[in-house]
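The values are calculated or read from the model by the stated rules, or taken from the named source; none is laboratory data. Quick caveat: nothing in here was measured; it's all calculated off a predicted structure. As a convention, Cβ positions derive from the backbone with ideal geometry for all residues, glycine included, and neighbour counts pool all protein chains shown. The protein model used for the area step is the full one, side chains on, heavy atoms only, and it has no ligands, DNA or RNA in it. Shrake-Rupley method; radii C 1.70, N 1.55, O 1.52, S 1.80 Å.
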Amino acid sequence: MCVPYAHKDPSFLAQQKSTRDKKITFWFATGGAGFCISRALALKMLPIAGGGKFVEIGDKIRFPDDVTMGFIVEHLLRIPLTVVDQFHSHLEPMEFLRPEMFHDQ
């Protein structure tokens, strides 16, 4: 898969899911399908999530790691998730894949 995004831009690429908690709504990337973050985004995350802070945030908001990633990126850093149709969760039934998309997978 070739996704044309500049490596210098903070990018969060994934299949999307949504969550809402305590009046906060944000998109997150389901860990089962995987996700990509650019180096630029990883560097922006470092002060917020580095040095064990990622786990602390996850414990505080009481969500699993994939949702914690979305919370940090979408809610705290205000970097939008970019949906990539080629990401598929292990929980996604194969019958939902459209045959015309097979060549892109």
Qualifying residue in segment 59-66 (condition: within 19 Å of Pro10 (Cα to Cα) and touching a Lys or Arg at 6+ places or on another chain (Cβ under 9 Å)): yes
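Out of Gly51, Gly70, Gly34, Gly58, which single residue is open to solvent by less than 40 Å² (accessible area, probe 1.4 Å), at pLDDT 70 or above and farther than 18 Å from Val83 by Cα?
Numbers: Gly51 fails: open to solvent by less than 40 Å² (accessible area, probe 1.4 Å); Gly70 fails: farther than 18 Å from Val83 by Cα; Gly34 fails: farther than 18 Å from Val83 by Cα.
The unique qualifying residue is Gly58.
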